[in-house]
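Values quoted throughout were computed directly from the atomic coordinates according to the rules given, and no laboratory measurement underlies them. Values in this document were obtained by computation on a predicted structure and should not be read as measured data. With ideal geometry, Cβ positions are generated from the backbone for all residues, glycine too; neighbour counts draw on all protein chains shown.
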Amino acid sequence: MYMFTTRGIFIYGIIAISIISASAFVLLAKASIAVGDSGERKIVIWKEGVPEARKLALMEKHGRRVKDLPLVHGSVVTVANAAEIDALRNVPEVVSIESDPIAYVAVRTERDVYGRGDVRTNARSGGSNTATPQVLPWGVDKIDAELIWPSGNTANPIKVGVIDTGISATHPDLSANIKGGVNTITPRKSWNDDNGHGSHVAGIIAAVNNTQGVIGVAPAADLYAIKVLNAKGSGYYSDIIEGIQWAINNNIQVINMSLGGSADYQPLHDAIVAAHTMGIVVVAAAGNSSGAVLYPAAYPEVVAVSATDSSNTVAPWSSNGPEVDVAAPGVSIYSTYKGTGYATLSGTSMATPHVVGASALLLNTAVGAHDTNANGRWDPSEVRTQLQSTAADLGSNGFDNFYGWGLVSAYAAVQ
């Protein structure tokens with residue numbers, strides 16, 4: 001599983017278990033930590049109604065509290081040894097003690113598809129910083145998003161959360177649309193992107209319509225940077241869960257999750273269910289392993305996205321299975337990067353924001369006859385159905401495990 005940039009180096013997550021592709025970047029479920037390792041990080045799931053003072057007292061007695069995860073009735077703690085784990089597990093107020101896996105980013109390089117030479121993106125550079133006349137990326141064109149804009153629908157003011165490595169706060173193609181954010185890794189620090197992946201995703205969704213660089217699918221959507229991965233592209237599942245909590249608390253309407261892992265992790269699923277119940281459209285990358293669809297994309301509440309190239313052929317590395325809902329452009333996608341840079345990347349990480357942008361445009365239209373529950377607004381299930389029913393059929397007739405219901409069409413979806 002891999003992600004492409006221009007020409008450069010490979011960055012691999014170093015881990016002793018099989019690497020699980022997540023999207024353009026890889027989320028790797030860390031091998032289970034041996035009980036007794038010093039500073040082992042756990043998620044304690046509490047019974048409902050346990051007083052906060054009681055929780056804090058138990059955590060101080062048997063470990064060290066890191067943060068609370070009210071969305072899943074949990075707390076993150078570090079424990080020093082097996083005795084502390086056993087002591088907590090035997091407390092009547094505790095439902096379960098879960099691991100807190102780690103996410104990693106893996107990057108591969110590729111030549112700039114637009115023929116401008118080397119973009120030279122890697123963990124140490126900000127991509128190509130040369131200001132160039134604005135181009136319409138092939139992926140945006142492929143899903144016909146530009147045909148919607150003349151009607152006045154540019155997704156303003158739909159609120160989009162990018163759960164990723166942050167978003168570049170200073171990028172001229174992004175800054176006007178960024179309305180806020182959070183760093184769940186270290187809340188006192190900035191949500192600014194120090195990796196590049198999140199900025200690339202954000203540009204596909206909502207790069208500004210100006211005179212330079214690129215333009216996004218929904219060029220006036222409000223972007224919110226939900227930083228859950230650090231500069232090295234790693235972070236805990238608990239930080240992702242906290243990011244989902246932040247999205248709910250801040251009335252985000254659609255979230256982009258260009259990440260995934262192989263494990264059906266119950267606290268993560270609980271967080272996804274909560275977001276779905278609150279009316280948030282959750283879109284996630286199917287994965288880049290050419291194998292089974294990863295989580296959270298595999299959850300029924302999530303719109304799962306596979307990746308296609310410019311000839312409408314599914315990428316050979318794109319994960320597949322009955323969970324795939326739609327396909328979207330994900331090969332050699334030119335977009336914004338960290339700092340003021342631009343880069344060409346490939347992966348289901350790049351396909352996912354195309355669908356998020358299309359969802360934002362759809363959410364900015366009247367629900368009309370699609371309002372199956374007559375509540376006067378688009379619900380996540382209605383958005384999913386509309387994206388599926390208006391997609392261009394590819395592969396086998398009707399649904400298939402590689403393209404889902406077909407290539408997403410932003411223009412067809414809003415009609």
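Couple of notes before you dig in:
- Glu48 paired with Val95, simple spin-label distance in nm, labels 7 Å along Cα-to-beta-carbon: 0.9
- Solution diffusion estimate, µm²/s, Stokes-Einstein, segment 138-414, Kirkwood Rh from C-alpha pairs, 37 °C, viscosity 0.692 mPa s: 184
- Built amide H within the under 5 Å cut-off of Asp68, gap 5+: Val76
- Gain in span if fully extended, Asn375 to Thr313, counting 0.36 nm per residue against the direct Cα distance: 18.5 nm
- Residues of type lysines that Lys67 reaches as a straight line, Cα spacing below 19 Å, ignoring anything fewer than 8 places off in the same chain: Lys42, Lys47, Lys55, Lys189, Lys227
- Per-bin percent of Cα-Cα distances, segment 40-100 [10 Å]: 25, 66, 9
- Calculated FRET value between Asn251 and Asp86, using beta carbons and R₀ = 51 Å, to 0.05: 0.80
- Annotation: peptides 369-382, 139-152, ranked by per-residue average of other Cβ atoms within 10 Å with the highest first, follow the order 139-152, 369-382.
- Cα pair distances exceeding 23 angstrom across segment 247-402, given as percent: 36
- Segment 272-326 and segment 327-342 have Cα centres lying 18 Å from one another.
- Using the Cβ-Cβ distance between Thr277 and Leu56 with R0 = 35 Å, the FRET efficiency computed as 1/(1 + (r/R0)^6) comes to roughly 0.80.
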